[in-house]
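Heads up, the thing below is written out as structure tokens.
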Amino acid sequence: MAAAATSALAGQEPSGLKQAPAAVPPAPASASLGPASPPAIRLSGELRERVTWQSALAFDSADPDAGLFWTQRIALAADAKIAPTVRLRAALVSALIEGEGEESPVERNVLDLQEAFVEIGPERAFLRIGRQEIRLGSQRLIAVRDGTTVRRTWDGVRGHAVLGTVTLDAFALRLVAVRPDGVFNDGRNEGRDLAGVQASFPAPLGSLDAYWLLTTHDDRRTIEGTGDERRHSLGLRAHGEAAGWFWDWEAVYQTGRFTGGDIAAWTLATKTGYRWQAATWQPELMLSANIASGDKTRGDGRLGTFNALYPNASYFSENAVLGPSNFFNLHPYVKLRPRRDLTVGLDLNLYWRLERADGVYSPQGGLIRAPGASRKRFVDAALSGVIEWTPRKGLLLGLVATRSQPQGFIRATGPADPSDFVEATLQFTF
């Protein structure tokens with residue numbers, strides 16, 4: 001429905017616009033309670049109130065979930081260091097929605113554990129066991145999904161080690177199944193597993209991340225039919241900044257099996273920009289250019305549609321309608337800082353489908369419009385504006401407005417209503 005954007009692996013905002021802070025920020029890794037100190041607890045938390053208006057969902061103004069709705073997220077976390085090499089974290093969350101979509105598991109979770117884990121080992125080499133959030137790199141594939149009221153969380157184990165200039169992470173996790181109603185009743189999402197390894201190391205310019213991910217998804221609906229999917233993602237990311245320039249380039253190849261066939265998919269995502277830090281209003285310009293494979297021949301037993309796995313849903317704009325599958329797009333933006341505590345951004349997203357035999361997809365990977373007989377490629381043009389004001393530490397007031405105008409492919413294949421999206425946010429963290 002609404003935007004979904006952003007705790008473990010290093011990352012940055014894929015949209016280029018400033019994102020809200022983590023719901024319940026963990027204690028800083030450098031925080032020291034002293035070797036002789038008794039067990040102590042550090043509390044942190046968040047209150048987020050949000051009002052959203054969306055005139056159409058998936059280009060259909062008749063969708064019953066379109067309209068006005070209010071969401072609230074209250075989170076409270078406790079971090080404790082009970083021994084020099086043993087740390088605990090527990091976080092509670094209550095996510096509520098009034099209006100349309102009240103039974104959505106990404107917008108409603110009355111009260112449950114968001115995190116509950118033990119961390120064993122020094123801070124440069126530890127094992128984390130239990131319920132935890134995770135984000136990987138730029139969050140193009142694995143994100144916390146902060147923009148929705150319910151953040152994504154997992155049960156499992158993660159290992160972390162810093163070896164000189166190289167940082168290693170390995171994890172084996174199962175997605176938590178959110179049950180919108182009830183208290184402390186979330187369960188494990190059978191058939192939705194994630195495992196992987198990532199290495200991060202310096203490069204002549206910036207940094208490099210190399211990773212392998214294994215995901216399983218039972219009963220997944222694809223353009224080739226419904227079946228159990230086992231997908232490997234091999235990725236390489238180059239990112240950094242120098243002399244005002246910044247960049248984030250990522251390439252991924254996917255292979256594996258789904259019921260009845262093989263998987264062969266890929267993507268290349270780029271973001272390149274420049275910041276005038278010493279200029280008035282500190283203007284920032286960026287161009288994001290992205291492409292991802294689609295399925296070339298339906299029914300041939302070979303699935304070519306790229307799967308973005310568990311991304312930040314506001315991948316292209318705050319009005320999270322389209323996902324990064326079977327597409328190519330251009331996405332320029334400009335950001336200004338009229339005051340130290342005020343950020344204004346404007347971005348344009350132009351979106352085309354890559355393969356005419358494949359359709360267009362939601363950020364979660366669901367098919368929202370089948371190809372039909374249309375040969376048209378142009379899908380959507382969306383213009384977004386963002387204003388964020390931080391009058392004091394921990395307090396954020398934000399306003400987002402997006403106008404999404406469907407193009408030839410959408411008009412040829414079903415409802416093609418323009419979508420107006422307005423969202424006002426008040427967020428307080430401590």
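Things worth noting here:
- In order along region 90-98, the phi-based Karplus estimate (6.51 cos²θ - 1.76 cosθ + 1.60, θ = phi - 60°) of 3J(HN,Hα) comes to 9, 9, 9, 9, 10, 10, 10, 9, 10 Hz; Gly and Pro are listed as x.
- Translational diffusion of the chain, estimated by Stokes-Einstein from the Kirkwood radius over alpha carbon pairs at 25 °C in a medium of 0.890 mPa s, is 110 µm² per second.
- Applied to region 340-357, the Karplus parametrisation 6.51 cos²θ - 1.76 cosθ + 1.60 on θ = phi - 60° returns per-residue 3J(HN,Hα) values of 4, 9, 10, 10, 10, x, 9, 9, 10, 10, 10, 10, 10, 8, 8, 9, 5, 7 Hz, with x for Gly and Pro.
- With contributions of -39500 (n - 2.57) from each DSSP H run of at least four residues, the per-residue ellipticity at 222 nm computed over the chain stands at -500 deg cm²/dmol.
- Rough spin-label spacing in nm, given labels placed 7 Å along Cα→Cβ, for Trp249 and Ala279: 2.4
- Residue order for Val157, Val106, Val166, fewest other beta carbons within 10 angstrom first, comes to Val166, Val157, Val106.
- Non-local lysine pairs in the chain, meaning eight or more places apart or on different chains, with alpha-carbon distances under 24 Å, amount to 6.
- Centre-to-centre separation between the Cα atoms of region 317-376 and those of region 59-113: 25 Å.
Here, each number is a calculation from the coordinates, and none is a lab measurement. Because the structure is a prediction, the values reported are computed rather than measured. Positions of Cβ are generated from backbone atoms using ideal geometry, with glycine treated the same way; all protein chains shown enter the neighbour counts.
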